[in-house]
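The values are calculated or read from the model by the stated rules, or taken from the named source; none is laboratory data. Predicted, not measured: the structure shown is a model, and the values here were computed from it. In this analysis, Cβ positions are derived from the backbone assuming ideal geometry, glycine residues included, and neighbour counts consider all displayed protein chains.
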Amino acid sequence: MQVLRRLVFFTIHASLFILVLPLVSSSQEPSKTTSHASKKDNNHKLSSKLMFEITLHGFLLWASMGFLMPVGILVIRMSNRVECGRRLKILFYTHAILQILAVLIATAGAVMSIKNFNNSFNNYHQRIGVALYGIIWLQALVGFVRPQRGSKGRSVWFFMHWLLGTAVCLLGVLNIYTGLQAYHEKTSRGIRFWTIIFTAEMSFLAFFYLFQDKWLHIQKQGVVLGNEPIMPNDQEISPRDKQKELKILTC
């Protein structure tokens, strides 16, 4: 467990270091080199192959960070109110499968980025992406070394798993937004529609996440707990009962 803690702390520190790397300025290069590079970038912008690769990269990262990962979290949260052992296993394995698929798809997107794109790390999207990939794989490793429930290190493991999962979700959503901005800068295409769609999706998932905690409380509002007697209100008392009450009071 101490080795796992050191690994977590090392990954977090390395990720923070990557995020605060100073930007390497290219303004000191000769003007000829700059003009040549700008022409080359313009040619890449017009390349249909590069456009397809950028679009596919964005789709893979959305499918991983923007869909499978959040849905997997919602699924495992449903198990908090489930007592049936068979249903618990179904929810757990569904969560595990969704998270594994998310890691594999994110890895495919990372390999595509390293292979086909200019990784100069001069923007937040690339730097956040590097940190995100490291935390994703660390989270997967932590998930595979899950101790048994009730064991000594279970609480520490659960806290680390929750912390890394939260970091992955937040960084993943943030990196999708920065990726849309990088796509706009690279291709000069509008991203307003996709930004609205993704924001609506995240809003719905966040609402469902919060609604899960309140659903059981909402169901209990109409349930009488214990053996408390149900007192009828004035509308439920019949006229005959009212006359009996008046006679008793006059006596």
Quick count over region 79-100, residues being in a helix (DSSP H, G or I) and surrounded by fewer than 16 Cβ atoms within 10 Å (Cβ to Cβ), is 12
Residues in region 207-218: is at least one of a type in the set (D, E, K, R) and buried (at least 16 other Cβ atoms within 10 Å of the Cβ)? no
In the set Asn175, Asn227, the lone residue that is outside any helix (DSSP H, G or I) and either modelled with pLDDT under 55 or on the phi < 0 side of the Ramachandran plot (or both) is Asn227
Within region 47-69, residues buried (at least 18 other Cβ atoms within 10 Å of the Cβ) and modelled with pLDDT of 90 or more come out as His57, Gly58, Leu60, Leu61, Trp62, Ser64, Met65, Gly66, Leu68, Met69
Taking region 202-217, which residues are over 12 Å from the mean Cα position of the chain (by Cα) and closer than 13 Å to Arg77 by Cα? Phe208, Leu210, Phe211, Gln212, Asp213, Lys214, Trp215, Leu216
I'd like to know if region 110-122 contains one or more residues that are modelled with pLDDT under 85 and either hydroxyl-bearing (Ser, Thr, Tyr) or not in a loop (DSSP other than H, G, I, E, B) (or both). yes
Members of region 163-184 that are in contact (Cβ under 8 Å) with a residue 40 or more places away in the chain and either acidic (Asp, Glu) or over 22 Å from Asn80 (Cβ atoms) (or both): Leu171, Gly172, Val173, Leu174, Asn175, Ile176, Thr178, Gly179, Leu180, Gln181, Ala182, Tyr183
Residues within region 178-224 that are among the aromatic types (Phe, Trp, Tyr) and either outside any helix (DSSP H, G or I) or under 26 Å from Ala131 (Cβ atoms) (or both), tallied: 4
Of the numbered conditions (1) modelled with pLDDT under 75; (2) surrounded by 14 or more Cβ atoms within 10 Å (Cβ to Cβ), Gln235 fails exactly one; give the number of that condition. (2)
Considering only residues that are assigned to a helix (DSSP H, G or I) and touching a residue at least 12 places away in the same chain (Cβ under 8 Å), which ones fall in region 140-162? Ala140, Leu141, Val142, Gly143, Val156, Trp157, Met160, His161
